[in-house]
Amino acid sequence: MTARPKLAVWKFASCDGCQLTLLNCEDELVPLAGEIEIAYFPEATRAVVEGPYDVSLVEGSITTPADLERIHQVRAVSRRLITIGACATSGGIQALRNFADVAEFRSVVYAHPEYLETLDRSTPVAAHVTVDFELRGCPVDRHQLLELLSAELAGRRPRIPTYSVCVECKRRGAVCVMVAGGAPCLGPVTQAGCGALCPAYSRGCYGCFGPQDTPNTRSEADRLRALGRDEVEVLRMFRTFNAAAEPFRQESRRHEAARQHPGQEVAP
Amino acid sequence: MDTRILTTDGLQALVDALHARGFEVMGPVVRDGAIAFGRVRALTDLPAGWGDEQEPGRYRLHRRDDPLLFAFAAGVQSAKPLFFPAQEVLWRVRAGDGEASPTVELTPVAVTAGEAPVAVLGVRSCDLAAIGIQDTVLLRRTYGDAAYALRREGTFVVAVTCSHPADTCFCVSMGTGPRPGAGPGPAAPYDLAMTEVSDELGHRFVVEVGSDRGADLLAELVARGVDAAEARPADRVAADRVVAEATARMGRRLDTDGLKELLYAAAESPVWDEVASRCLACGNCTQVCPTCFCTDVRDVTDLTGGLVERERVWDSCFDAEYSYIHGGSVRASTRSRYRQWLTHKLAAWEDQFGMSGCVGCGRCITWCPAAIDLTAEVAALRDEGGRA
């Protein structure tokens with residue numbers, strides 16, 4: 001029998017929810033451990049098997065000078081590097097700092113801001129090192145995570161669609177909350193993966209999985225306005241877990257500008 | 001068997017008789033603020049006293065002040081998923097233990113085993129025409145779809161005249177309604193077709209027979225003493241009036257004259273750019289269309305590699321990956337995807353299958369989150385063509 005591939009799970013600026021998604025794969029953890037050697041996973045075990053690693057899962061965004069150094073080390077010891085979750089793939093909710101002045105936050109929040117070393121912006125892993133695959137979600141979906149690992153093990157392309165949440169929503173037979181309820185929903189511009197979880201429970205999509213492959217955020221924003229949302233509400237819808245994903249960033253910028261300079265078209 | 005009149009009690013007896021014959025009866029029910037297909041055991045499951053309002057990008061239910069059971073337009077989905085599910089396994093292979101050979105489960109036998117045959121109650125004329133189109137697309141080509149064939153074969157269809165078309169409806173333009181099978185459109189295979197009537201003679205259903213099975217079921221009801229009198233001239237007149245009134249209430253119109261040529265000539269029209277600026281490329285139109293049949297086929301393995309499944313899922317020509325071939329997507333822009341969808345639906349479909357791919361149900365208009373209306377887009381192409 002050939003040696004099992006070695007898996008490492010790394011954490012940067014994040015809430016640990018994506019790592020917990022892996023731990024929540026209760027029925028699959030034992031078969032997974034049979035196929036793959038869990039070599040480095042501090043969230044689960046203190047035992048450490050030395051690298052290099054065949055597959056690294058990276059959670060979290062890059063927000064400190066130390067992160068910046070460490071992500072290069074992770075890349076160096078990983079054959080395949082896969083980012084998991086909105087933080088690692090777009091900068092996460094903490095990328096809200098990208099729209100503001102971090103020095104000001106620091107002085108307001110901390111008694112001794114001089115002890116703090118932080119970067120001005122929260123950035124995705126791919127902004128710094130080569131990433132082999134980005135798994136979206138806040139948090140990631142366990143079925144997608146298992147599909148990704150199964151594909152890695154089989155050496156095949158993972159089945160992770162990049163189309164909209166609407167496709168999944170219709171497939172599961174849910175009634176459109178936007179059309180039938182007038183609810184603000186980011187489903188049309190958001191990538192599938194969650195199984196249309198929120199719309200299936202009569203809530204609009206929050207955009208946890210980031211932009212779909214062809215996102216028309218401007219048309220989406222026009223529809224949200226037509227449904228009665230004001231500029232600030234539209235701005236806030238695009239500025240959540242994937243605020244720094246480029247199409248969402250541009251759209252929120254547009255509404256910020258529209259609020260500051262009503263009636264003028266401002267480039268994002 | 002002649003045209004018969006059923007009361008609401010008679011319709012309940014018909015539902016009971018279908019259950020007794022082993023059918024799962026699926027019909028319109030109210031779910032999450034819309035009319036959807038669901039299980040029907042008693043007439044109380046049906047949307048009695050509910051009506052709908054539909055316009056581009058908007059759908060709302062409202063209460064009506066009458067007891068009508070079918071006084072609404074096309075629901076959230078057609079009957080399509082009953083025969084052509086959004087996701088199904090085509091085959092699966094399990095690795096054998098040790099030296100044992102792998103076991104292969106070939107569908108459709110495996111997937112359809114244990115599924116009760118479906119009786120569709122209250123399918124309206126547009127959706128019936130769509131079933132006719134899907135039969136052509138999925139069964140009458142060189143290689144038929146075996147799972148679809150198995151599901152369709154056993155189906156019993158009780159159609160209904162659409163008495164309350166929506167603002168988004170245009171079945172009259174497409175020759176598919178509002179009376180089941182009455183238009184020049186594609187074959188609309190039904191066993192029984194009913195028209196719901198409520199006037200001074202009472203609330204009743206004028207039931208026409210479309211097949212031997214339909215006649216047989218109706219004869220069984222008569223033999224059991226169910227009130228199913230032969231239709232009087234007044235009943236036929238009342239049913240015709242329902243059809244005439246619905247025809248007059250069509251919310252939209254699609255000028256089909258020379259449509260294929262118009263679309264083929266409009267490939268480079270600026271209208272596509274304009275619609276692409278609004279189109280969300282979300283795929284909703286294709287997911288609610290009763291004739292869209294595009295699917296994706298992919299293999300999945302489990303963690304251990306001991307199980308491999310080939311799955312088929314609904315796909316959409318609005319997805320970037322749909323047209324992905326080596327090197328990239330053939331249709332990278334939303335403009336090209338919308339053009340592909342509309343041109344295939346209304347023009348290329350004729351060359352491919354000898355009929356239009358649109359039945360005028362209006363779902364793509366209602367359920368478009370961006371409120372795009374294909375009848376307006378065709379009109380814009382026509383205007384633009386006229387100016388050129």
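Would you mind getting me the FRET efficiency between A:His72 and A:Glu117? Use the beta-carbon distance for r and R0 = 30 Å, nearest 0.05. The value I calculate is 0.95.
Here the range A:73-125 exposes an accessible surface that is 54 percent carbon and sulfur, computed with a 1.4 Å probe and the other protein chains kept in place. Given the C-alpha centroids of the range A:58-72 and the range B:280-302, what is the distance between them in whole angstrom? If we compute the Cα centre of each part, the gap is 38 Å.
Across every direction, the projection of the convex hull enclosing the Cα atoms of the range A:165-260 has a mean area of 5.4 nm². Each Cα pair under 8 Å and six or more residues apart adds its separation to the average, and for chain B the resulting relative contact order is 21 percent.
In a DSSP loop and with at most 16 other Cβ atoms within 10 Å, the trypsin sites (Lys or Arg not before Pro) in the range B:197-293 are B:Arg224, B:Arg253.
When a/c reaches 1.5 or more, the comparison of a/b and b/c decides; with that in mind, is the protein assembly as shown rounded, prolate or oblate per its Cα gyration tensor? Walk me through the numbers on the way to the answer.
Details: a/c = 2.24, a/b = 1.62, b/c = 1.38.
Prolate shape, in that a/c is at least 1.5 and a/b is the bigger ratio.
Placing R0 at 45 angstrom, the Cβ-Cβ distance between B:Asp66 and B:Ala149 gives a FRET efficiency of 0.65 after rounding to 0.05.
Normalised by the number of residues in the range A:165-260, the average gap of Cα pairs under 8 Å and 6 or more apart makes the relative contact order 24 percent. If the segment from A:Tyr201 to A:Ala33 were pulled out straight at 0.36 nm per residue, it would be longer than the present Cα-Cα gap by 57.1 nm.
The B and A chains share an interface that buries close to 3300 Å² of accessible area, total over both sides, probe 1.4 Å.
Which shape class, rounded, prolate or oblate, goes with chain B when its Cα gyration tensor gives a ≥ b ≥ c as root eigenvalues, a/c under 1.5 marks rounded, and past that a/b bigger than b/c marks prolate? Oblate.
Subtracting the Cα-Cα distance of B:Glu261 and B:Glu105 from 0.36 nm times their residue separation leaves 51.5 nm of extension gain.
Seen through its C-alpha gyration tensor, with square-root eigenvalues sorted a ≥ b ≥ c, chain A comes out oblate because a/c lies at 1.5 or above while a/b is not bigger than b/c. Taking the Cα centre of each part, how many Å lie between the range A:1-44 and the range B:320-385? Here the two parts' Cα centres lie 44 Å apart. 3J(HN,Hα) couplings calculated from phi for the range B:346-359 with the Karplus curve 6.51 cos²θ - 1.76 cosθ + 1.60 (θ = phi - 60°) are, in sequence order, 9, 10, 4, 4, 5, 5, 7, 10, x, 7, 6, x, 10, 10 Hz; Gly and Pro show x. Taking Cβ atoms as reference points and 14 Å as the exclusive limit, the residues near A:Asp101 contribute a net charge of +1, counting Lys and Arg as +1 and Asp and Glu as -1.
Remark on A:Ala192: its backbone amide H falls under 5 Å from those of A:Tyr163, A:Ser164, A:Val165, a criterion applied only to residues 5 or more positions apart or on other chains, H modelled at 1.01 Å from N.
Could you report the protein assembly as shown's accessible area per residue, 1.4 Å probe, as an integer in Å²?
Here the per-residue accessible area is 42 Å².
Surface composition of the range B:152-238: carbon plus sulfur atoms hold 51% of the accessible area, using a 1.4 angstrom probe and ignoring ligands, DNA and RNA. Annotation for A:Asp213 and A:Val49: the two label points, set 7 Å from Cα along the Cα-Cβ direction, are 3.5 nm apart.
The values are calculated or read from the model by the stated rules, or taken from the named source; none is laboratory data. Just so you know, these numbers come straight off a predicted model, no measurement behind them. Ideal geometry is used to build each Cβ from the backbone, glycine not excepted, and the neighbour counts take in all protein chains shown. Surface accessibility is based on the protein's heavy atoms, side chains included, excluding ligands, DNA and RNA. Shrake-Rupley method; radii C 1.70, N 1.55, O 1.52, S 1.80 Å.
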